């Protein structure tokens, strides 16, 4: 029975791979139209694809492309908001696809590293995951993280140190 599920999962990933190869320029164009650089746009598309998979989206669904584009646009807007960058919101189809830069091999390799890092973060215990998200990814000050989680600043620092060690070990596997 386990083979049937893995075959179905493999088939879904193959369909997703085909979708990404066919539509990657369009996905990146959507994120770029929100005022992001090529690297940030690629990360937003990666976030959108992860969200799509987390929600058990079917790449064979006719609305899959529109769903991923919407998720990429929202991820780009959220990224821009987090960094306090202003850029007018345009309609999804307002920018021609030719304006998008083709991702380089370096950007694709970086995106693959990000996927690996996300899997490593998911392996951390819940409190370490929270500290990593708040302290490292959202770049919040240690005092704010400690207050938000009801911990001491020293405990937060220890958790960050241990999480970094665990992530380093996971990434080198």
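No lab work stands behind these numbers, since they all come straight from the coordinates. These numbers come from a predicted model, not from an experiment. As a convention, Cβ positions derive from the backbone with ideal geometry for all residues, glycine included, and neighbour counts pool all protein chains shown.
Kindly state, to the nearest 0.05, the FRET efficiency for residue 81 paired with residue 114, given R0 = 25 Å and r defined as their beta-carbon distance.
Numbers: r = 20 Å, r/R0 = 0.79.
Efficiency computed from Cβ-Cβ geometry: 0.80.
How high is the FRET efficiency between residue 169 and residue 70 when r is their beta carbon distance and R₀ equals 30 Å, given to the nearest 0.05?
Details: r = 36 Å, r/R0 = 1.21.
The computed FRET efficiency comes out at 0.25.
Going out from 0 in 10 Å bins, what whole percent of all Cα-Cα distances in the range 124-173 drops into each bin?
All Cα pairs, binned at 10 Å, distribute as 28, 57, 13, 1 percent.
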